[in-house]
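First the structure, in the form of structure tokens, and then the observations on it.
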Amino acid sequence: MITKRRKVKSTAFSDFVRNASSREKSVFFEKVIEEAIQKQKEVIAKANEIDG
């Protein structure tokens, strides 16, 4: 059985991915990754504090 795909409203993020330059995407994702790494380091530090 084949089902039709429903069209969904475009989001700001999907517009960014479609329309931003490679440089803009690189800068954006680099910042996201840096923030994720920092959050992970904080979680690890808290876990180490608990373990002693």
Could you please tell me which pairs satisfy a Cβ distance under 6 Å, a separation of 6+ or placement on different chains, a first residue in region 41-52 that is open to solvent by less than 100 Å² (accessible area, probe 1.4 Å), and a second residue that is part of a helix (DSSP H, G or I) and not aliphatic (A, V, I, L, M)?
-> none
What are the residue pairs meeting all of these: first residue in region 11-22, first residue open to solvent by less than 60 Å² (accessible area, probe 1.4 Å), second residue of a type in the set (Phe, Trp, Tyr), Cβ atoms under 7 Å, and 6 or more apart or on different chains?
-> none
Criterion (assigned to a helix (DSSP H, G or I) and among the hydroxyl-bearing types (Ser, Thr, Tyr)) met by exactly one of Ser10, Ser14 = Ser14
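The values are calculated or read from the model by the stated rules, or taken from the named source; none is laboratory data. From a predicted model like this one, the values you see are computed outputs, not experimental measurements. Don't worry about glycine lacking a Cβ; one is built from the backbone with ideal geometry, like all the others, and counts go over all protein chains shown. Note: areas computed on protein heavy atoms with side chains; ligands, DNA, RNA excluded. Shrake-Rupley method; radii C 1.70, N 1.55, O 1.52, S 1.80 Å.
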